[in-house]
Amino acid sequence: MTSIAFIGLGHMGAPMAANLVKSGVMVKVFDLVPEAMKSLTDVGALAAKSACGAASGADVVITMLPAGKHVRALYLGEGSSDKGLLDVVAAGTLLIDCSTIDAQSAKQVAEVAARKGFEFVDAPVSGGTAGAAAGTLTFICGGSDSGFEQASKVLSHMGANILHAGGPGAGQVAKICNNMLLSVLMIATSESLQMGIDHGLDPKVLSEIMKVSSGGNWTLDKYNPCPDVMESVPSSNGYQGGFMVDLMVKDLGLSQEAALLTNSSTPMGALARSLYVNHARQGNGTRDFSSIFEQFSNIQQIKSKG
C-alpha cells in the first residue's frame, strides 16, 4: 500500500488529506496546530510529531503551506543545523507541493530535489474549499513528464482535473495567471450587476441575460457575487466559506511580482490588487472574495443617503 505524508492541514489541506484517507491509502499527517490533526486521525490518518517524522519512509510527500518561505524552509531546511525534507525522505520518494507560491521558490526547491535524485512537482490547486471537500479540485502542475505522470495517480484521489503546465514552476505561473483573470472577472461582474440594480433591474434576470450573452463568464455561471441570486454560493451565505479575500490579495501580489520579473503589462491585474487590498483593509480579509460586490453596492447606498 502506498504511504503518503500530508503536511499542512488548513482549510484546503485538511479536506484534501481526508479524501486520500477515503481512497484507502495510508496517510500520515502533520500540522503545527495539533488540533488540526484530530479531524484526520478521527477518520483513520496517523499523526506525526514533526514534518520530517511524517515524511520519513513515505512513498509520497504532499505539502500545502502558506507561502514560498515556508516551502523553502520545509524542503531545504532553515539553517546548517536544521534538516529539510530533502535530507530525510527515502530514495524514490515523490514530492508534491500544492501550495500557491512564487514560481522562483518552486524552481529552487525543484533544482535541489533534482540534484538529490527526487521528482518534485509544484501543483497549486483551483476549486476552493468546496472543491477540496468534494474531491473535484483542479491541479495545475509544473515538473518533468515523469514526475507529472506519477503525481497524476495520487492527485486523482483529490481532484477531477490534473493538468501539466510545463516544467518546474510552470504550475505556479499558470495558477497566478488564472487567479488574476478571476479577480478581474469578479470585479467587472460585480460592478455590472450593481449598475443594473441601480437602474431597477432584477439581478437574477440580468444575470441570466449576461450568462447567455457576450458578457458570460465563470462568476455568472458558478459563483454569482450578488446575494440571493444563486443558491449554495458564499454571497448567499453572508460571504462565508469559499476563497478568502486575504488569499486573493496574496495571489494578486504574486501575479504582480511575476509581471515585474518579465516586464509584463498587467494594468487590470494591478488595479484588481489595489481594490482587493482596500477591501481587505476594511475588515473583509477572512470573507469570500466575491464580497468585493459590496464595494460597489455600498457606493450606491452612500449616494442614496446623500
(message) I need the fraction of alpha carbon pairs in the chain separated by more than 34 Å, rounded to a whole percent.
(response) 26 percent
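Evaluate 2.2 N^0.38 Å with N set to the residue count of the range 130-256, then give the Cα radius of gyration divided by it. Before the final figure, lay out the partial values.
Details: Rg = 17.1 Å, N = 127, 2.2 N^0.38 = 13.9 Å.
Compactness ratio reported: 1.24.
So with the 1.4 Å probe, I'd like the accessible area per residue for the chain, rounded to whole Å². All intermediate terms of the calculation are to be shown ahead of the outcome.
On the way: 14400 Å² over 306 residues.
Roughly 47 Å² per residue, with all protein chains present.
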(request) Quote the charge dipole size of the range 47-194 about the Cα centre in Debye, to the nearest 20; the model charges only the Cβ of Lys and Arg (+1) and of Asp and Glu (-1). (result) 160 debye
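Quick check on the chain: helices-only [θ] at 222 nm, where DSSP H runs of length 4 and up contribute -39,500 (n - 2.57) each and the sum goes over total residues. Nearest 500, please.
Working: 13 runs with 150 residues, N = 306.
Only helices count here, giving -15000 deg cm²/dmol.
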(request) Summarise the accessible area of the chain (1.4 Å probe, protein heavy atoms) by the percent that is carbon and sulfur. (result) 55 percent
(request) Return an integer: the convex hull volume of the alpha-carbon atoms of the range 1-112, in Å³ per residue. (result) 96 Å³
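Note the full-extension length gain between S274 and L201 as 0.36 nm times their separation in residues minus their Cα-Cα distance, in nm to one decimal. Walk me through the intermediate numbers first.
Values: separation 73, 0.36 × 73 = 26.28 nm, distance 2.89 nm.
Length gained between S274 and L201: 23.4 nm.
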(message) What are the membrane-span-like helices in the chain by this rule: whole DSSP H runs, Cα extent along the axis at least 24 Å, mean Kyte-Doolittle hydropathy at least 0.0?
(response) 170-198, 245-262
(request) Ignoring everything but the protein chains, give the 1.4 Å probe accessible area of H11 in square angstrom, nearest 10. (result) 140 Å²
(request) Could you grab the relative contact order for the range 2-118? Cα pairs under 8 Å, six or more apart, rounded to a whole percent. (result) 25 percent
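How big is the charge dipole of the chain about its Cα centre, in debye rounded to the nearest 20, if each Lys and Arg gets +1 on its Cβ and each Asp and Glu gets -1 on its Cβ? Provide the component values of the computation, followed by the final result.
Working: 21 positive and 26 negative charges, 55 e Å.
Dipole about the Cα centre, nearest 20: 260 debye.
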(request) Beta carbons within 10 angstrom, averaged per residue: use that to sort the peptides 67-78, 32-43, highest first. (result) 67-78, 32-43
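Contact order normalised by length for the range 106-232, with contacts defined as Cα pairs under 8 Å and 6 or more residues apart; what percent is it?
Working: 163 pairs, mean separation 23.9, N = 127.
Reported as a whole number, the value is 19 percent.
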(message) Among the listed pairs K69/K116; K116/K153; K49/K69; K38/K250; K49/K107, which have their C-alpha atoms separated by more than 26 angstrom in this model?
(response) K38/K250; K49/K107
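The values are calculated or read from the model by the stated rules, or taken from the named source; none is laboratory data. Just so we're clear, the structure is a prediction, and the values are computed from it rather than from any experiment. Glycine also receives a Cβ, built like all others from the backbone with ideal geometry; neighbour counts cover every protein chain displayed. Accessible surface areas use protein heavy atoms only, side chains included; no ligands, DNA or RNA. Shrake-Rupley method; radii C 1.70, N 1.55, O 1.52, S 1.80 Å.
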